[in-house]
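Accompanying notes for the structure given below.
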Amino acid sequence: MDSIRILGGKPLHGEIVIGGAKNAALPLMAAALLTDRPLTLTNMPELADIGTMANLLRQHGVRIDRSDFGAGSNIAEAGPTGRTMTLTADKITSITAPYDLVRRMRASVLVLGPLVARMGEAKVSLPGGCAIGTRPVDLHLKALEALGAKIEVQSGYIHATAPGGLKGANIVFPKVTVGGTENLLMAATLAKGDTVLENAAREPEISNLAECLNAMGADIGGIGTGTLRIKGVSSLRAARVPVIADRIETGTYAIAAAITRGKVKLTGTRYDLLDSVFAAMRQAGVIVEPGDNSVTVSAETGELVGVDVMTEPYPGFPTDMQAQWMALMATASGASMITETIFENRFMHVPELTRFGAEVNVHGSSAIVRGRKKLSGAPVMATDLRASVSLILAGLAAEGETLVNRVYHLDRGYERLEEKLGACGAHVERITGG
Ligand code: EPZ
């Protein structure tokens with residue numbers, strides 16, 4: 001298993017190109033199942049999870065062609081990553097998403113809505129719990145039932161059937177769910193009649209999906225709000241759609257600049273995708289300057305102060321930035337309180353962060369962080385994607401050597417991390433195998 005070795009304590013200086021968002025690309029890829037016409041996605045990231053989704057879609061019969069023009073190429077429409085992917089689902093050869101693929105990535109459940117909408121039947125392995133919580137899919141299933149699907153869970157598989165097709169309905173999600181909103185949005189585009197999704201998630205990745213579906217011929221209104229109105233259509237057409245910038249990768253590198261007290265320009269991204277995090281950074285004393293498709297972050301003056309945050313659905317502070325924020329707060333003066341409201345078990349990074357000398361006390365769903373002038377490098381173990389990267393951030397700030405073990409989680413969501421940080425002066429190397 002690979003590990004990452006960091007020699008910390010060096011301020012980062014330079015420029016980092018942000019990739020396309022993993023959490024936008026995954027549902028966009030699943031949307032290709034809704035039509036027999038090709039869907040081309042531009043600004044695609046190259047990540048382990050994208051490979052897993054591609055394998056899953058291939059076994060449903062989807063043909064996948066990729067082009068790589070190189071990051072920063074002058075093929076403007078390929079987007080900042082220079083990578084495109086065309087998915088063609090002219091023939092669905094299997095309606096089953098097998099356990100072996102679904103267990104690797106929970107987002108696999110996003111094939112459920114499109115398959116049942118187009119084929120009238122889908123069998124998808126029930127995703128298990130994961131390191132950050134139990135993460136049920138009951139809200140996806142209840143909402144699909146409201147559209148007329150019959151759902152049975154048998155032998156670990158969700159079996160959804162709607163032989164006569166889905167029918168539009170009014171659905172109020174009792175809790176905001178990103179994946180649930182995406183699954184239902186896709187299913188409702190091919191349902192007969194009108195669907196209203198209330199208390200829908202408003203994440204930018206949902207808007208990216210809704211705009212993609214509209215480009216494919218769907219009729220979705222209320223994009224960007226908590227109420228999505230979908231008028232069902234009988235079929236969808238070909239489209240070419242850009243994947244939005246990864247706001248969590250943006251925030252992670254913004255914190256890399258701040259935690260090392262350096263200055264980094266993040267390009268291929270947008271300030272407005274991450275208002276809540278940038279506002280908290282400014283409050284802490286970080287300078288954040290929005291530019292044209294870029295954001296520059298600097299903390300060269302040194303002293304930062306503790307700022308409390310609470311994770312919330314968008315536009316609130318994202319749970320996917322909570323671990324990174326904790327690492328930054330471990331280097332700020334004074335105390336800060338971090339409250340996690342989305343997942344029940346998302347403080348797995350705390351014991352590892354304390355190995356750097358950070359002082360963190362967890363009380364239920366809140367953690368109190370008392371910052372230190374200096375963290376010191378340590379061997380640590382990664383538990384999930386965002387926890388892993390918080391350890392990398394702490395390692396960048398800490399004096400001496402840090403070894404982050406079990407970094408395969410990182411490859412699920414951060415492309416060429418060592419290269420991007422290395423180009424800004426960080427001493428980061430991957431140690432393969434072992
Ligand atoms: C998405 O997960 C993201 N994943 C997560 O990013 C992110 O942390 C999360 O949204 C919240 O922003 C992708 O987009 C692929 P939810 P998702 O449904 O859709 C509960 C990362 O690091 N819930 O919004 O699975 C659930 O347990 C990942 O990139 C139910 O109870 O999240 C959680 O407590 C990790 N029943 C809350 O709702 C359901 O049927 C929000 O989950 C569905 C969800």
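The values are calculated or read from the model by the stated rules, or taken from the named source; none is laboratory data. The structure displayed is predicted, hence computed values, not measured ones. Cβ sites come from the backbone with ideal geometry, for glycine too, and all protein chains shown count toward neighbours. Heavy atoms of the whole protein, side chains included, go into the accessibility calculation; ligands, DNA and RNA do not. Shrake-Rupley method; radii C 1.70, N 1.55, O 1.52, S 1.80 Å.
For this structure, a couple of remarks:
- Sorting the segments 100-106, 26-32 by their mean number of nearby beta carbons within 10 angstrom, highest to lowest, gives 26-32, 100-106.
- Each peptide in 186-199, 251-264 gets a packing score, the mean of other Cβ atoms within 10 Å over its residues, and the list from highest to lowest is 251-264, 186-199.
- Applied to region 380-385, the Karplus parametrisation 6.51 cos²θ - 1.76 cosθ + 1.60 on θ = phi - 60° returns per-residue 3J(HN,Hα) values of 9, 10, 8, 10, 8, 3 Hz, with x for Gly and Pro.
- Cα gyration tensor, region 87-191 - rounded (a/c under 1.5), prolate or oblate: oblate
- Here the Gaussian network model covers the chain, with springs between Cα atoms less than 10 Å apart; of Gly357, Gly19, Gly164, Gly164 fluctuates the most.
- Partner aspartates and glutamates for Lys123 [C-alpha distance under 17 Å; skip if fewer than 8 residues away on the same chain]: Asp100, Asp138, Glu145, Glu152
- Solvent-accessible area per residue for the chain (1.4 angstrom probe, square angstrom): 38 Å²
- Packing rank of 131-139, 108-116, 216-224, where each peptide gets the mean count of other beta carbons within 10 Å, highest leading: 108-116, 216-224, 131-139
- Of the listed residues His159, His409, His363, the order by accessible area with a 1.4 Å probe, largest first, is His363, His159, His409.
- Modelled this way, with points 7 Å down the Cα-to-C-beta line, the labels at Ile92 and Ile287 are 5.4 nm from one another.
- Dividing the helix sum by the residues of the chain, where each DSSP H run of 4 or more adds -39500 (n - 2.57), gives a mean residue ellipticity at 222 nm of -8000 deg cm²/dmol.
- Alpha-carbon centroids, region 264-281 and region 218-253: separation in whole Å: 20 Å
- Whole-Å distance, taken between Cα centres, linking region 396-434 and region 64-101: 27 Å
- For region 107-124, Karplus couplings with θ = phi - 60° (6.51, -1.76, 1.60), whole Hz, Gly/Pro x: 5, 4, 5, 5, 7, 4, x, x, 5, 5, 5, 7, 9, x, 7, 8, 10, 10
- The share of accessible area on the chain that comes from carbon and sulfur is 50 percent, using a 1.4 angstrom probe.
- HN-Hα J in Hz across region 236-241 - Karplus 6.51, -1.76, 1.60, θ = phi - 60°, x for Gly and Pro: 10, 10, 5, 7, 10, 9
- DSSP beta bridges fully contained in the chain are about 70 percent antiparallel.
- Residues whose amide H lies under 5 Å from that of Thr260, counting only those 5 or more places away or on a different chain, are Leu12; hydrogens are built 1.01 Å from N in the peptide plane.
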